[in-house]
1. Which pairs do you get when a residue that is under 14 Å from Pro209 (Cα atoms), found in region 239-250, comes within reach of a residue that is aliphatic (A, V, I, L, M) and at pLDDT 95 or above, reach meaning Cβ atoms under 6 angstrom, with the pair 6+ apart or on two chains?
2. Those residues that are in a loop (DSSP other than H, G, I, E, B) and among the β-branched types (Val, Ile, Thr), I need them from region 91-128; list them, please.
3. Going through region 223-253 one residue at a time, which ones are in contact with a helix residue (DSSP H, G or I) (Cβ under 6 Å, 6 or more places away or on another chain) and either under 22 Å from Leu104 (Cβ atoms) or surrounded by fewer than 17 Cβ atoms within 10 Å (Cβ to Cβ) (or both)?
4. Considering only region 210-219, I want to know if a residue exists there that is within 21 Å of Glu151 (Cβ to Cβ) and away from the ligand (no atom under 14 Å from the Cβ).
5. Please indicate, with yes or no, whether at least one residue in region 74-86 is among the basic types (Lys, Arg), more than 16 Å from the ligand (Cβ to nearest atom) and in a helix (DSSP H, G or I).
6. Does any residue of region 138-156 turn out to be within 16 Å of the ligand (Cβ to nearest atom) and closer than 18 Å to Val244 by Cα?
7. Do we have Val167 as within 16 Å of the ligand (Cβ to nearest atom), in contact with a strand residue (DSSP E or B) (Cβ under 6 Å, 6 or more places away or on another chain), modelled with pLDDT of 95 or more and under 22 Å from Lys129 (Cβ atoms) here?
8. Which one is farthest from Thr249 (Cα to Cα) among residues in region 178-196 that are in contact with a Leu (Cβ under 9 Å, 6 or more places away or on another chain) and not aromatic (Phe, Trp, Tyr)?
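The values are calculated or read from the model by the stated rules, or taken from the named source; none is laboratory data. Just so you know, these numbers come straight off a predicted model, no measurement behind them. Note that we place each Cβ from the backbone using ideal geometry, even for glycine, and neighbour counts take in every protein chain shown.
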Amino acid sequence: MKNTFVLLAVSAFIMTACYPPGGEKEGLEEPIAEIQEQTDYSAVPEKTVLLEGFELPSLGYSYNALEPSIDARTVYIHYEKHTKGYYNRFINAIKETNLEEMPLEEIMRNISRYDAGIRRNGGQYYNHKFYWENLSPESGEPSPALLAAIEKEFGSMEEFKKEFNDVARSRFASGWAWLTMGEDGSLFVSHTANEVNPLMDIAEYPGTPLLTIDVWEHAYYLKYQNKRPDYITAFWDVINWNAVNKRYTEAME
Ligand code: MN3
């Protein structure tokens, strides 16, 4: 009896010590029980504007539109809870500061000047906005100009995919993988930790990002659990190439 009690106490301690799961240490996670099972996943969310100049766009598609590559429940929780959480905290952090007047990209480029709250939440707001924008059920294809640049840099589309997948797979713990244009106009693949993105002045490999995949566990764990490579493979079926093509054109200007 005494042994059972000790075992229970130890288990409870371990469970508490390990919460929240997924290596996400910032205490940002909403309890999963709050998500209603009767949620209408066929709905398209409205955009949110808490502060002029800083909006959180609608997904532009329904929560279930990326199935089977990314399941509806993951999209719902990822957009409604994680993404909005970062967005809300970022807006609260910059309210009534001079950052209200600064474009988000400018804040990213000077991120080393600001505190961890602005860096983490602002970085995650930027990254998630960027991620949702480069996903779509209507995938399309790379423009001739982008395809030519990819072939010049990586040899072929297949080689590029392989390198991108390898980098996304090998990102240890939470973070992002990117296709980025460097200052000299060449393309490269890199990964960043946590909230960092290539626009930030603290990025190891800086440049103008064109495509990203979120490899935090919250982006895939409900469907794929430990099988991150399967999520990365499925990601290719829902890339919004029109958005990536537009970013490439703008980066070339
Ligand atoms: Mn995420």
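1. Val244/Leu210; Val244/Leu211; Asn245/Leu146; Arg247/Leu210; Tyr248/Leu146; Tyr248/Leu210
2. Thr97, the sole residue that qualifies.
3. Correct list: Pro229, Asp230, Ala243, Asn245, Tyr248.
4. The answer is yes, given that some residue of region 210-219 is within 21 Å of Glu151 (Cβ to Cβ) and away from the ligand (no atom under 14 Å from the Cβ).
5. no
6. At the first step, the residues of region 138-156 found to be within 16 Å of the ligand (Cβ to nearest atom) are none.
For region 138-156, residues within 16 Å of the ligand (Cβ to nearest atom) and closer than 18 Å to Val244 by Cα: absent.
7. On the way: within 16 Å of the ligand (Cβ to nearest atom): no; in contact with a strand residue (DSSP E or B) (Cβ under 6 Å, 6 or more places away or on another chain): yes; modelled with pLDDT of 95 or more: yes; under 22 Å from Lys129 (Cβ atoms): yes.
Considered against the rule, which asks whether it is within 16 Å of the ligand (Cβ to nearest atom), in contact with a strand residue (DSSP E or B) (Cβ under 6 Å, 6 or more places away or on another chain), modelled with pLDDT of 95 or more and under 22 Å from Lys129 (Cβ atoms), Val167 comes out as no.
8. Ser190
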